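A.B. asks: My questions will all concern the structure given below.
The values are calculated or read from the model by the stated rules, or taken from the named source; none is laboratory data. For clarity, every value in this text was computed on a predicted model and none was experimentally measured. Cβ placement follows ideal geometry from the backbone for every residue including glycine, while neighbour counts extend to all protein chains displayed. Surface accessibility is based on the protein's heavy atoms, side chains included, excluding ligands, DNA and RNA. Shrake-Rupley method; radii C 1.70, N 1.55, O 1.52, S 1.80 Å.
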Amino acid sequence: GYWLSVWSNNAAVASAAHYLSVYVLLGVGAVILSGLGALLLAYSSVRASTHLHDAMLRTVMHAPMRWFDATPSGRVLNRFS
């Protein structure tokens, strides 16, 4: 990346430890942001699926009896899985 090119072009300006520490901090920051993104995606997915399941269950529970007579139980179970 950008910092690696600065490090290789300006070796005499600062010590190698300075450039290496900045490079490590950038790497750690990228790992932390990736982890937070994965956690946010997992949390959002579980929340969305819970919302969809609850809405579908509420709809099925409030369905009229004739709907249960016309719809096979396997089809209802298949929709929830």
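A.B. asks: Write down the accessible area per residue of the chain in Å², having rolled a 1.4 Å probe over the full set of protein chains.
C.D. replies: Value returned for the chain: 83 Å² of accessible area per residue.
A.B. asks: Taking just the alpha carbons, could you work out the radius of gyration and Dmax for the chain, both in angstroms?
C.D. replies: 27.1, 83
A.B. asks: Using a 1.4 Å probe on the protein chains only, how many percent of the accessible area of the chain belongs to carbon and sulfur?
C.D. replies: So the carbon and sulfur contribution to the accessible surface is 69 percent.
A.B. asks: Sticking with this one: For the pair Leu4 and Ala42, how long in nm is the line joining their label points, each one 7 Å along Cα→Cβ?
C.D. replies: 2.9 nm
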